[in-house]
Amino acid sequence: MIPKVSVCVVTYNQKKYIRQCLQSIVDQVTDFDFEILISDDCSTDGTRMIVQEFSTRYPKIVKYFFHEVNVGAYKNYLFAHAQVHSEYVSHMDGDDLMLPGKLQAQVDVLESDPHCTVVWHRMNLFDDDRNFCVPNIPDVGAFKEGKVYLEDVLQFGSVSFHSSTMYRSSARKTKYSEIDLLDWYFSVEYLRAGYGIYLEEILGEYRYGNQSITRKANGENRVQAILLVSLTYYLEELPSYRKQIFIHALIAFVVNMKNRRPVAKRFGILALKTIVFVSPSELVLAFRRFRKINPPIRIQ
C-alpha cells in the first residue's frame, strides 16, 4: 500500500545531526501512513550507520538509498524526490528538525483545498549551541490570507526554508536536471499549477550556519550564481512575468552589491536586459515587502 506522504531526507556527513532529525520525523503523530526516504550522498563519517539503525528499528517506514559516489546536493535532492510514489511529498535536510503536528497540519491543508499545490510554515532558526533567532522568520504577514502566488516567488524569491515544504507530487515536473537547481526553482514549478499556503504556526526548526551549498565557485556565491541562471531561464519561459523578474533581478543586484559579491554585476546586466517601467512608489513597496519576507537573521 502506497503511503499518503513521503518524507524525503537528504544527508551528507551529518553524523552529529541525522539521529535527531530522523527521530523528529518518526515521532510525528498522524491519521495517515507516511514513509521516510533517506538519500545519503556517500557519507564517510558514520551517518550511514545511524540511517541503517533507524531502518532496522522502523522497517515499515524507513527506506534508504546510499550513493557510492558523491553526486552533490542538487542531484541528491532530485534522486530522493524521484523515488516518490505517494500523493504528497515533504522535504527535510538531514540537519533540520520537525516539530510535533507538522505533517498532519500540512496534509490537512492540502486535503481541504484542491487548488493549493504547496504548503510552507514558519520555522525556528537555531545554531549548534541552541541559540535561536528572534523574532522567528519569515513573517506570514507578507502574504494576504497566507496565500502565495507565482508572481510572489518570481519577484521576491523563496518564501520559507526548504525543510518546511510539502507539495503535491503531481505538481512537480522536473525529475532530472543536468544543471544545479535551487529549491526556489521548484517553488516556481509548484505554483505554476496552483497557489501556496504559508502557515503561521512554527512547525519545524532550521539549523542556521555555513552550508556546503553556499560555497564560492569561481569567486561567486554559488546560490546567487544558480539563481541568476534560473531567473534568466524564466525570463524566456514566462514572458508575461517580465516585471516580476526585473524587480527580482534589481533587488538581487542591490543585495549582492551591499555584500560586495562579484555576481552583483551580472544581476545588474540582467535587470537592464529585462527593464520595464515600474513607478518609484512600486519599487519602494517591493523593496519593503522583500525585506519583510527576507528579514536580517540575528541569532541571539
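Some notes on this structure:
- With respect to the conditions (1) touching an Asp or Glu at 6+ places or on another chain (Cβ under 6 Å); (2) surrounded by 16 or more Cβ atoms within 10 Å (Cβ to Cβ), Pro262 falls short on a single one, namely (2).
- For the criterion of being at pLDDT 95 or above, of a type in the set (A, V, I, L, M, F, W, C) and surrounded by fewer than 17 Cβ atoms within 10 Å (Cβ to Cβ), Val254 passes.
- Met98 hydrophobic (A, V, I, L, M, F, W, C), under 14 Å from the mean Cα position of the chain (by Cα), farther than 30 Å from Leu283 by Cβ and modelled with pLDDT of 95 or more: no
- Considering region 46-127, the qualifying strands (runs of 3 or more DSSP E), each wholly inside and each with 2 or more residues that are over 21 Å from Ile2 (Cβ atoms), run over 116-126.
- Those residues of region 43-76 which are modelled with pLDDT of 95 or more, surrounded by 17 or more Cβ atoms within 10 Å (Cβ to Cβ) and under 20 Å from Glu178 (Cα atoms), in sequence order: Asn76
- Cβ pairs under 8 Å, 6+ apart, first in region 182-199 and within 23 Å of Lys75 (Cα to Cα), second assigned to a helix (DSSP H, G or I) and β-branched (Val, Ile, Thr): Leu182/Val223; Leu182/Ile226; Trp184/Val153; Ser187/Val153; Val188/Val153; Leu191/Val153
- Residue within region 176-188 that is surrounded by fewer than 20 Cβ atoms within 10 Å (Cβ to Cβ), small (Gly, Ala, Ser) and closer than 19 Å to Val84 by Cα present: yes
- Test: residue in region 23-42 that is surrounded by 14 or more Cβ atoms within 10 Å (Cβ to Cβ), in the same structural domain as Met98 (by TED's automatic domain parsing), at pLDDT 95 or above and over 28 Å from Met1 (Cβ atoms): yes
- Residue match in region 57-80 (condition: touching a Pro at 6+ places or on another chain (Cβ under 8 Å), of a type outside the set (Asp, Glu) and touching a residue at least 60 places away in the same chain (Cβ under 8 Å)): no
The values are calculated or read from the model by the stated rules, or taken from the named source; none is laboratory data. Here the structure is a predicted model, which means the values were calculated and not measured. Every residue, glycine as well, gets a Cβ built from its backbone with ideal geometry; the counts of neighbours run over all protein chains shown.
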